[in-house]
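Below you'll find the structure, written out as C-alpha cells, and then a few comments.
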Amino acid sequence: MHPLSHPLFLQYIIHFNDERDYFECHEVGEEYWKQIAPKDKMHPLTGWIQLAVGMYHWRRSNYPGALRSLIRAKPKLAEPGIWTEGFDHPQLMQLLTESIQGVTNREPFEHRDLPLVAGQLVQAVEEQKQHYLAPELDEHFLMHKHRLRDRTEIIALRQQKKRRNL
C-alpha cells in the first residue's frame with residue numbers, strides 16, 4: 001500500500017479539505033507518524049502535521065505559533081517524493097509560501113485546500129468518504145477545539161504517569 005493511501009492519511013486529507021478541522025489532522029497525522037516513524041522528527045509526515053498545526057494556529061490568530069509551524073513544515077515537504085505523490089507539488093509549495101506570507105503579514109486566516117491531482121489518491125479519498133460520517137462542527141468549536149474537547153482521558157493518563165513517577 002502506498003503510504004498516502006493509509007486510512008489515517010486519507011482521513012487527514014478529509015479533515016483538511018472538507019471539514020477544515022486542522023486539530024483532527026494533527027491527531028490522525030500524529031497517530032500515523034507514531035506507527036511508522038516514531039521519534040523521527042524530520043520525517044515528511046511531521047511536515048504534514050506541522051502544516052495542519054500552522055493552519056490551526058493561524059485560524060486562532062496565534063501568528064507566532066502559526067509561523068513557527070509552517071516554517072518547520074516547508075522543508076519537510078519541499079522535496080517531491082513518495083510523501084507528496086498525488087499532490088500538485090508546486091501548488092503545495094505555493095500554499096505553504098503564501099500561508100507563511102499571510103501569517104507574517106498578520107492577514108486574516110484564509111483556508112486553502114490541499115492541491116490533489118486526479119488519480120489514485122483522489123479515488124482513495126472518495127472511497128474513504130463513503131465509509132465516514134463527517135460530524136457537524138461549528139466554526140467556534142473548530143477554532144478552539146483543543147480547549148473544548150473532552151479531556152477526561154488525557155487528564156487520567158497524566159495522573160497515572162504522576163503516580164508512577166512518585
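The values are calculated or read from the model by the stated rules, or taken from the named source; none is laboratory data. Everything numeric in this text was worked out from a predicted model, so none of it was measured. Cβ: placed from backbone, ideal geometry, glycine included. Neighbour counts: every protein chain shown. What goes into the accessible areas is simple: the full protein's heavy atoms, side chains included, and nothing from ligands, DNA or RNA. Shrake-Rupley method; radii C 1.70, N 1.55, O 1.52, S 1.80 Å.
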State, as an integer percentage, the relative contact order of segment 1-92 based on alpha-carbon contacts under 8 Å between residues 6 or more apart. 24 percent
Taking the mean number of other Cβ atoms within 10 Å as a proxy for protection, how do you rank 72-83, 1-12, 108-119, 41-52 from highest to lowest? 41-52, 1-12, 72-83, 108-119
Quick one: plug the Kirkwood hydrodynamic radius of segment 1-131 (C-alpha pairs) into Stokes-Einstein at 37 °C, 0.692 mPa s, and report D in µm²/s. 225 µm²/s
I'd like the carbon and sulfur percentage of the solvent accessible area for segment 1-123, probe radius 1.4 Å, heavy atoms only, ligands and nucleic acids excluded. 52 percent
